[in-house]
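J.: One structure coming up, written as structure tokens, with questions to follow.
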Amino acid sequence: MALPSYAGPLETFWYYAFRLFCGMVFIFLITPLLIIIPLSFNVEPYFSFTEGMLEFDPDAYSLRWYQEFFASERWMAAIKNTFIVAVCSTFLSMVLGTLAALGLSRSELPFKGLIMGLLISPMIVPLIISAAGMFFFYSSIGVSQSYMGLILAHTALGTPFVVITVTATLSGFDYNLVRAANSLGASPTYAFFKVTVPLIMTGVISGGLFALMTSVDEVVVAIFIAGAEQRTVPMQMWAGIREQISPTILAVATMLVCMSIMLLSTVEYLRRRSEAIRGISAH
């Protein structure tokens, strides 16, 4: 939004000061990524820029650490575990979060605020507290240190994102479309899958992508819940930092950053598409 022509000196100052502050925060957040990415191509086993890298010598750069990543059985096993847990937990988060959001959209639902608070509490409660609670609970029911326990834990962490995005999508939902389908003879189930689901699918997918990113990036709960056979990529990175520091970690971090950028770009595309469907201007 441009500065209005009638803005006074004080308003002009705060206008540019606010943008300068936002720019500084952005630089502060993005600088570590700008350092990690080039370091992942370092030919030397160092976590610092060599003289050759600073001089942009081609011989100072290589794909050595990426090759080591794909050749490592430990990293490949971590990728497999991460894929299994992320896909299963994301699917469960999408199903449970969508059903919860549909229930919360009912005006006659009592204690709606309390239920919403409980559903999004995993986003508010410190992660270490959630991890400790899950550990004791899952240990008592015998699913700790198993795929089932880790999937359920990541489902609990990812469901709030689906609840929030689907609830936001349902805020502009026209229930007259469902009533029209029912009046034409459609059963509630048929109307749900043919009318409701297509219209809220962008919110469901957006929430699912956030749940997927949460699962792929989560390490605290995994340390408490997962066993040796369920070690995920973040756990392997954590173990690598503690046991044997290797620039392979930088290569993995770079790939995770690229993955996050692609997922966030997809979320933004879905947001714009949803606004276009509703006839809402993005600006």
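The values are calculated or read from the model by the stated rules, or taken from the named source; none is laboratory data. Just so it is clear, the structure is predicted and the values come from calculations on it, not from any experiment. Neighbour counts are summed over all protein chains in view; Cβ atoms, including those assigned to glycine, are modelled from backbone coordinates with ideal geometry.
J.: Pick out, from segment 160-218, the helices (runs of 4 or more DSSP H) lying fully within it that include 1 or more residues that are closer than 23 Å to C258 by Cα and within 29 Å of the chain's Cα centre (by Cα).
T.: So the answer is 197-217.
J.: Can you tell me which residue in segment 38-53 is nearest to C258 (Cα to Cα), limited to those that are surrounded by 16 or more Cβ atoms within 10 Å (Cβ to Cβ) and at pLDDT 85 or above?
T.: Among them, the one singled out is S40.
J.: Take segment 71-87 and flag every residue that is touching a Pro at 6+ places or on another chain (Cβ under 9 Å) and either without any contact (Cβ under 8 Å) to a residue 60 or more places away in the chain or among the aliphatic types (A, V, I, L, M) (or both).
T.: Within segment 71-87, A78 is the sole residue that qualifies.
J.: Let me ask something else about it. Given the condition in a helix (DSSP H, G or I), modelled with pLDDT of 85 or more and β-branched (V, I, T), answer yes or no: does some residue in segment 91-111 qualify?
T.: Scanning segment 91-111, I find at least one residue that is in a helix (DSSP H, G or I), modelled with pLDDT of 85 or more and β-branched (V, I, T), so the answer is yes.
J.: For a quick check of your reading of the model, give me the residue pairs whose first member lies in segment 253-265 and is under 21 Å from M235 (Cα atoms) and not assigned by TED's automatic domain parsing to the domain that holds M237, whose second is polar (S, T, N, Q) and surrounded by 15 or more Cβ atoms within 10 Å (Cβ to Cβ), with beta-carbon atoms closer than 9 Å and at least 6 apart or on different chains.
T.: Close Cβ pairs satisfying both conditions: A253/S40; T254/S40; M255/S40.
J.: In this structure, does W14 turn out to be assigned to a helix (DSSP H, G or I), among the aromatic types (F, W, Y) and crowded, with 16+ Cβ neighbours inside 10 Å?
T.: Spelling it out, it is not the case that W14 is assigned to a helix (DSSP H, G or I), among the aromatic types (F, W, Y) and crowded, with 16+ Cβ neighbours inside 10 Å.
J.: Any residue in segment 37-53 that is under 30 Å from Y147 (Cβ atoms), β-branched (V, I, T) and either touching a residue at least 40 places away in the same chain (Cβ under 8 Å) or in contact with an Asp or Glu (Cβ under 6 Å, 6 or more places away or on another chain) (or both)?
T.: No, the conditions are met nowhere in segment 37-53.
The rows are residues; the columns are (1) surrounded by 12 or more Cβ atoms within 10 Å (Cβ to Cβ); (2) without any contact (Cβ under 8 Å) to a residue 40 or more places away in the chain; (3) on the phi > 0 side of the Ramachandran plot.
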| site | (1), (2), (3) |
| --- | --- |
| E55 | no, yes, no |
| A60 | yes, yes, no |
| F69 | yes, no, no |
| S89 | yes, no, no |
| A100 | yes, no, no |
| I120 | yes, no, no |
| S146 | yes, no, no |
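J.: Within segment 214-230, restricting attention to residues that are surrounded by fewer than 20 Cβ atoms within 10 Å (Cβ to Cβ) and of a type outside the set (G, A, S), which residue is nearest to C88 (Cα to Cα)?
T.: Among them, the one singled out is D217.
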